[in-house]
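FYI, it's all coordinate maths here, none of it is from the lab. The shown structure was predicted, so the numbers you read here are calculated from the model rather than taken from an experiment. Every residue, glycine among them, receives a Cβ derived from its backbone with ideal geometry; neighbour counts consider all protein chains shown.
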Amino acid sequence: MTDIYLGADRASDAEAAAVDEALRERGVDAVVQPETERLVTSGRARRLARRHCLLPALHALQNEAGWISPGGINYVAEVLDVPPAEAFGVATFYDLFRTEPPDHDGDTFHVCVDAACQIAGYDDLAASVRAAGGHVHLGPCLGQCERAPALFVQGAGGRPDHVPADAEPFELPQAGDESLRLLRRIGVADPSSLESYRAHGGYEALRRAGEMGAGAVLEAVAASGLSGRGGAAFPTGVKWRAVAAEGGRPKHVVANCDESEPGTFKDRIVMERDPFAVIEAMSIAGLATGARNGWIYIRGEYPLATARLQGAIDAARAAGLLGEDAAGTGHDFDIAVWRGAGAYICGEETALFNSLEGFRGEPRNKPPFPTTHGLFGEPTAVNNPETLLNVLDIVIEGPDAYRTRGTERSPGTKLLCLSGKVGRPGLYEVPFGTTLGDLLELAGGIAGNGELQAVLMGGAAGSFVGPDSLGLPLTLEDTRAAGTTLGSGVVMAFDTSDDMTGVVVRIAEFFRDESCGQCVPCRVGAVRQHETLVQMQRRGSLSPARRALIGEMAEVMVDASICGLGHTAASAVRSALALGLIREAPSP
Amino acid sequence: MTETTITETAVTLTIDGRPVEVAEGSTIHAACVEAGIETPTLCWAENLTPVNVCRVCVVELEGSRALVPSCSRPATEGMVVQTDTPRVRHSRRMVLEFLGSGVDLSQADDLQRWMKAYGADPDRYGDEDHPVERVEEPVKVQDELYIRDYSKCVLCYKCVEACGDDAQHTFAIAVAGRGFDARISTEFDVALPDSACVYCGNCVGVCPTGALQFKTEYDLREVGEWRPEDQTVTRTVCSYCGVGCNLDLHVQDERIVKVTSPSDHSVTSGHLCIKGRFGWQYVHGE
């Protein structure tokens, strides 16, 4: 019995079993609590007690039946105590969930249509999948830009999701380079073996951190000058200290692995090839901040990285490196993995919390900030995998040695995602301060017709720079001064044969599709911006009035949107206009 | 015996150059009200938790890079706020214009007034060859109590709040879909009588645009007979149970055409149940 109103539809046995299994994996019994038990915890607390299992349950339904049926929603609603209207609202938020019966019973082939795949000809890939009888879904960036055009296969009928390209051999472009820091174990250590990770220095940092104690670790991270590598570049030491200072409530460390910025694939490669490093660094974060709960929120389109991280967690737990008195540090810490389901916005930290908690992935207003009101409203340190990786070196070699690389204001090295028209696309690591031109040379120079037209820096939320920016030192301060950004490390090159108008229109469409719809400036602004650019594309010109309108729309999105998605939705468009990359009407 | 007095801590902030004192925990919006500065709001209501999604109440706050929503940002000591700068006016105008360009605001009187005040021109988007996308949905008439016309919906979340945690705890509706396609919906868009809806009408009570409308009002509007200027409002106490809810009976041509409750009433906070809201036919001997 439940006091939630449910319609007459019932789940099939297979759907119910799939949900039960997903919940069991997360330590929750898939039974409707008797009323007497439910009264023990009542009201809002009861509603929230199991709700964070909603996303895993919806994944189970989608994978089993190929869609989320009314009966399936009712079953999940009943066992998780979530009103069916809200469960439906959550299910319809994500690209990977369908709430209408599929017209095919096979897998769904997601083909990326964003910039790198656009200029690599995604339509040929889509056509070949269709010719082979596959059901194609055209969608946003899949985080495989170095091997564009990208494909992700979403399984149905209980078949697992997979990425065909994962079966191909992997090699890092800089393999063998002695100067690599963050990437030094990639392609060297076996990502499925804890012994191999340890043989290459793994878990030395956590041991050292245990000896140093939380205060000294916080001190070292702050002194290193490390800043967040997800795009916002917030000082990690400040964030960790703020969480460490909170007491009396459970605390959390969240690895933001929802890498979805078009052009970004660095975290995917790190998680796939060096998963133990991510979880070791999370353990250090837990130790330093006093958080016992670790969460990995990873985008749904990364099945290999998910499996490797889960494998690493299982192995670490079996070896006593996670759990009670983790690694003998005296601190309890464990990690759970939650999969996203196709929503760019869930990379925004507060949207991520809502998504993980089983709500729609809509960003929260800030303040309050995650350090005091994060996951489940409790103090939370959210970090990107690349940021976490840096902590290992900072603990082992100390902040002074760490600061010998990079610049004074941008210490350390940076992972950069090279894609588009470069000789050897892929993941690169260079010290901050390397110039854009040197980086492009390192990646084999400009491919295609060899003539550089523009570089997209920082992804769809970043901006374009022209060939005159090759001397730009890649640091936080220099890119900011030049009016661009390193963002999440995207460096995507276009040659003079690429249709930049098409690329910019697609970027605008990306924001139109990915806006969560919560606030008016972004929900409507992203649509109007895209419409104005489509109008321009069809006419072949942009009138001065329309150009001014794009500026006016950008201003309200930057000034009045709730989150970073709205704040940056006009950034690439404006830079493309300023650089003359897209056609405009001649001056009157 | 010692008497304990609880003193409220006051904070002082500056709004448009004037010092304003409010109790700690008050919002910037409350301080603006205190100072007599009209601030447009859409998703804010005094009987609901602020969701700060419409962004029409934004103000400039010294030290903040972006504008801040006055409806939810707590006022703190020493804050310096500007409510009438070009940036603020621009954002408000654009938000109103965006809304007007996408949904039917013909029955949203406050919005119409603000659009005029801020110079919003919703028609400047698109052209004959490139019409803009609008929210176009058929009116849902599924029962005799109220209708839902989502082509008038500005997604202010008020109805969801009233149906959920803020008043009724029924959770019959939620936001479904994403981005411009987001809609207020029951699960799988089932008709209201098949949903968890208990017909308290509290969603209708908080709707600012007429997207949710009592069937009586809708029917009169359909035949051009809805005349607010000819209506009287009589306050009374609901006769059904002993709770004591205040009712405002809106009467036109000697017939009750809708029932509301004052949002500042200590018992109802503006919310009612199906009986008080819809159970008045007996007055007319029906």
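Provide the FRET efficiency to the nearest 0.05 for the A:E219-B:T49 pair, computing r from the beta carbons and using R0 = 56 Å. Before the final figure, lay out each step's value.
On the way: r = 40 Å, r/R0 = 0.72.
Efficiency for this residue pair is about 0.90.
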Checklist outcome for this item: Quick calc, the stretch A:413-495, dipole around Cα centre from Cβ unit charges on Lys, Arg (+) and Asp, Glu (-), nearest 20 debye, gives 220
Checklist entry - A:G406's amide H: which non-local residues (gap 5+, or another chain) put their own amide H closer than 5 Å, with H modeled 1.01 Å from N in plane and none for Pro or chain starts? => result A:G412, A:F432
Item to check | Hull volume in cubic angstrom per residue (convex hull over the Cα atoms of the stretch A:210-259) | outcome: 102
Next on the checklist: Give me the percent relative contact order of chain A, please, defined on Cα pairs under 8 angstrom at least 6 residues apart.
Outcome noted: 13
Checklist outcome for this item: Listed with the fewest Cβ neighbours within 10 Å leading, A:S419, A:S497 appear as A:S497, A:S419
Next on the checklist: Please list, ordered by chain and number, the residues whose modelled amide H lies under 5 Å from the amide H of A:W295; skip anything fewer than 5 residues away on the same chain.
Outcome noted: A:V253, A:V254, A:A255, A:A336
Item to check | For the stretch B:236-241, Karplus couplings with θ = phi - 60° (6.51, -1.76, 1.60), whole Hz, Gly/Pro x | outcome: 8, 10, 4, 8, 7, 9
Checklist entry - What does the average come to when, for each residue of peptide A:92-104, you count the partner chain Cβ atoms lying within 10 Å of its Cβ? => result 2
Checklist outcome for this item: Shape descriptors of the protein assembly as shown over alpha-carbon atoms, Rg and Dmax in angstrom, are 28.1, 92
Checklist entry - In whole Å, what is the distance between the alpha-carbon centres of the stretch B:35-84 and the stretch A:95-142? => result 43
Checklist entry - What is the ratio of the Cα radius of gyration of the stretch A:102-208 to 2.2 N^0.38 Å, where N is its residue count, to two decimals? => result 1.42
Next on the checklist: For chain B, what does the helix formula give at 222 nm: sum of -39500 (n - 2.57) over DSSP H segments with n ≥ 4, over the residue count, nearest 500 deg cm²/dmol?
Outcome noted: -5500 deg cm²/dmol
Checklist entry - Quick one: what Rg and Dmax do you get for the stretch A:413-495 from the alpha carbons, in Å? => result 11.1, 32
Checklist outcome for this item: Counted neighbours (other Cβ, 10 Å), sorted fewest up, put A:I186, A:I507 in the order A:I186, A:I507
Item to check | Among A:V111, A:G158, A:L142 - extreme Cα towards positive end, dipole of the stretch A:108-167, charges at beta-carbon | outcome: A:G158
Checklist entry - Sorted by mean Cβ packing within 10 Å, highest first, what order do the peptides A:79-85, B:126-132, A:262-268 take? => result A:262-268, A:79-85, B:126-132
Checklist entry - Any idea what the dipole of the stretch A:487-588 comes to, in debye rounded to 20, about its Cα centre with Lys/Arg Cβ at +1 and Asp/Glu Cβ at -1? => result 280
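Which shape class, rounded, prolate or oblate, goes with the stretch A:445-588 when its Cα gyration tensor gives a ≥ b ≥ c as root eigenvalues, a/c under 1.5 marks rounded, and past that a/b bigger than b/c marks prolate? Before the final figure, lay out the partial values.
Details: a/c = 1.80, a/b = 1.21, b/c = 1.48.
Since a/c reaches 1.5 but b/c is at least a/b, the shape of the stretch A:445-588 is classed as oblate.
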Next on the checklist: Can you give me the distance in nm between label points at B:D129 and A:D468, each placed 7 Å from the Cα along the Cα-to-Cβ direction?
Outcome noted: 3.3
Checklist entry - Whose amide H sits under 5 Å from the amide H of A:L322, counting only residues 5 or more places off or on another chain, with H placed in the peptide plane? => result A:R317, A:A327
Next on the checklist: Suppose the Debye formula is applied to equal point scatterers at every Cα of the stretch A:500-579; what is log10 I(q)/I(0) at q = 0.11, 0.16 Å⁻¹?
Outcome noted: -0.23, -0.50
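Two-decimal Rg/Rh of the stretch A:161-308 from alpha-carbon positions, Kirkwood Rh? Present the calculation step by step, with values, prior to reporting the outcome.
Values: Rg = 16.2 Å, Rh = 16.7 Å.
Looking at the stretch A:161-308, the ratio lands at 0.97.
When Cβ neighbours within 10 Å are restricted to other protein chains, what is their mean count per residue of peptide B:54-62? Before the final figure, lay out the partial values.
Working: counts 5, 11, 3, 1, 4, 0, 1, 0, 0.
Across B:54-62, the average partner-chain Cβ count within 10 Å equals 3.
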Item to check | Charge dipole of chain A about the Cα centre (unit charges at C-beta), most positive-ward option of A:V455, A:W295, A:L183 | outcome: A:V455
Checklist outcome for this item: For peptide B:187-198, the mean count of other chain Cβ atoms within 10 Å per residue Cβ is 5
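Once the convex hull of the alpha carbons of the stretch A:286-402 is built, what does its volume come to per residue, in cubic angstrom? Let's see the in-between values first.
Details: hull volume 14.8 nm³, N = 117.
It comes to 126 Å³ per residue, whole-number rounded.
Relative contact order for chain B: what is it in percent, counting Cα pairs under 8 Å that are at least 6 residues apart? The partial results should precede the final answer.
On the way: 491 pairs, mean separation 35.6, N = 286.
Computed over chain B, the figure is 12 percent.
Kirkwood hydrodynamic radius, computed over distinct alpha-carbon pairs, for the stretch B:3-98: how many Å, to one decimal?
Working: mean 1/r = 0.0726 Å⁻¹.
Final number for the Kirkwood radius of the stretch B:3-98 is 13.8 Å.
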Item to check | For the stretch A:247-260, 3J(HN,Hα) per residue [Karplus equation, 6.51 cos²θ - 1.76 cosθ + 1.60, θ = phi - 60°, Hz, x = Gly/Pro] | outcome: x, x, 9, x, 10, 9, 10, 10, 8, 7, 9, 8, 4, 9
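Would you kindly state the longest site-free stretch of chain A, with sites defined as GluC sites (Glu not before Pro) in a DSSP loop (not H, G, I, E, B) surrounded by at most 13 other Cβ atoms within 10 Å?
Working: sites that count: A:E171, A:E178, A:E324, A:E408, A:E451.
Longest run free of exposed loop sites: A:1-170.
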Checklist outcome for this item: Scalar couplings 3J(HN,Hα) for the stretch A:308-321 by Karplus 6.51 cos²θ - 1.76 cosθ + 1.60 (θ = phi - 60°), nearest whole Hz, x for Gly and Pro, are 5, 5, 5, x, 5, 5, 4, 5, 5, 5, 4, 8, x, 8
Item to check | Kirkwood Rh, Cα atoms: Rg over Rh of the stretch B:99-247 | outcome: 1.00
Item to check | Neighbour-limited loop hits for trypsin sites (Lys or Arg not before Pro), the stretch B:47-154 (at most 15 other Cβ within 10 Å; DSSP other than H, G, I, E, B) | outcome: B:R65, B:R134
Checklist entry - Separation between the A:A401 and B:R65 pseudo-spin-labels, each 7 Å from Cα along Cα→Cβ, expressed in nm? => result 3.4
Checklist outcome for this item: Taking the convex hull of the alpha-carbon atoms of chain B and averaging its shadow over every direction gives an area in square nanometres of 20.1
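At 222 nm, what helix-only mean residue ellipticity would chain A give, in deg cm²/dmol to the nearest 500, using -39500 (n - 2.57) for each DSSP H run of four or more?
Working: 24 runs with 250 residues, N = 588.
Estimated from H runs of four or more residues: -12500 deg cm²/dmol.
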Item to check | Surrounding net charge for B:E24, when Lys and Arg each add one and Asp and Glu each subtract one, Cβ distance under 9 Å | outcome: -2
Next on the checklist: What distance in nm lies between label points placed 7 Å from Cα along the C-beta direction at B:S239 and A:E408?
Outcome noted: 8.3
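For an R0 of 45 angstrom, estimate the FRET efficiency from the Cβ-Cβ distance between A:A167 and A:A8 and round to the nearest 0.05.
Details: r = 45 Å, r/R0 = 0.99.
Taking R0 as 45 Å, the efficiency between A:A167 and A:A8 is 0.50.
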Checklist entry - So how strong a dipole does the protein assembly as shown carry about its Cα centre when Lys and Arg Cβ are +1 and Asp and Glu Cβ are -1, to the nearest 20 debye? => result 1100
